[in-house]
Amino acid sequence: MPGRRYHRSVYELVREAALSLGRDGRVFSVADVIRYIRGKYPDCPYSDNSFRMHLLGLSINNRHAPTRWPSLYKRAFLIQVSSSRFRLARPGEDSLEDSWEAGTGEVDLRGLEEVGYSLSLERDLEDYLSRNLDVVEEGLRLVERQKDLPGIGRLDILARDRSGTPVVIELKAGQADEKAVGQLQAYMEYLREQGHKNIRGILIASSYTPKAVYAAKAVKNIKLARYKVQFKIEYI
């Protein structure tokens, strides 16, 4: 149902795909896993980067996994054989001694940790706002989350305002640039061609580049909004 978390976690989807693709010692790629999940679960809202990050974190011989993705590494069951290829671990393969990186060169993972954080924050924002749309605009009601627009992408939140006008809400963890404005505009135009009228768009990010601000000003019915995350510590 709209507004609820997807019925399967990223870990569950990746594990199912890996166990199916890796039978009889077969090696499979990141692309194979993504293709399997997208084909079997077309309504799955998770990003390809999220699947990729899980594959790395679930690899016994990825020496970055224990420190970067400790919660995933506790459940590791894969062996990484190249930068984008994996197989199921065999009995006894439970250490980092045979790290593939020693023979083939180290994968640059610097961006993936940040990607993982951004994906998590973006999902948390979506979860919160879909349940509290009055924070965005009083009177908004949820229509659908992660709506698939064939050939265009998945919009984060589709809502309607008090007058029944469709409102497309796109979320960006961190700073948004002019590409994010263009993405929102593409979603709005697609819905407009499907018969929706007077569509409005709201882009929500922590900050914006100057180009993003000017791009939004040039597009009718698009507003920019900033979110702020507040941390509170309580002693127990």
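List of remarks:
- Qualifying residue in the stretch 16-28 (condition: without any contact (Cβ under 8 Å) to a residue 12 or more places away in the chain and buried (at least 19 other Cβ atoms within 10 Å of the Cβ)): no
- Only one of the numbered conditions (1) under 19 Å from the mean Cα position of the chain (by Cα); (2) on the phi > 0 side of the Ramachandran plot is not met by residue 158, and that is (2).
- In the stretch 151-191, the residues that are assigned to a loop (DSSP other than H, G, I, E, B), without any contact (Cβ under 8 Å) to a residue 24 or more places away in the chain and either in contact with a helix residue (DSSP H, G or I) (Cβ under 9 Å, 6 or more places away or on another chain) or of a type in the set (Val, Ile, Thr) (or both): 151
- Extreme residue, modelled with the highest pLDDT, among residues of the stretch 221-234 that are surrounded by 10 or more Cβ atoms within 10 Å (Cβ to Cβ) and assigned to a loop (DSSP other than H, G, I, E, B): 221
- Positions within the stretch 53-63 being without any contact (Cβ under 8 Å) to a residue 60 or more places away in the chain and under 21 Å from the mean Cα position of the chain (by Cα), in sequence order: 54, 55, 56, 57, 58, 59
- Listed by position, the helices (runs of 4 or more DSSP H) inside the stretch 20-119 whose residues that are at pLDDT 85 or above and over 20 Å from residue 154 (Cα atoms) number at least 1 are 30-40, 48-57, 65-68, 70-73.
- Residue match in the stretch 192-207 (condition: closer than 30 Å to residue 42 by Cβ and assigned to a helix (DSSP H, G or I)): yes
- Scanning the stretch 128-142 for residues that are of a type in the set (A, V, I, L, M, F, W, C), surrounded by 14 or more Cβ atoms within 10 Å (Cβ to Cβ) and not in a loop (DSSP other than H, G, I, E, B) gives 129, 133, 142.
The values are calculated or read from the model by the stated rules, or taken from the named source; none is laboratory data. Since we're looking at a predicted model, the values are computed, not measured. Neighbour counts run over all protein chains shown; Cβ positions are idealised from the backbone, glycine included.
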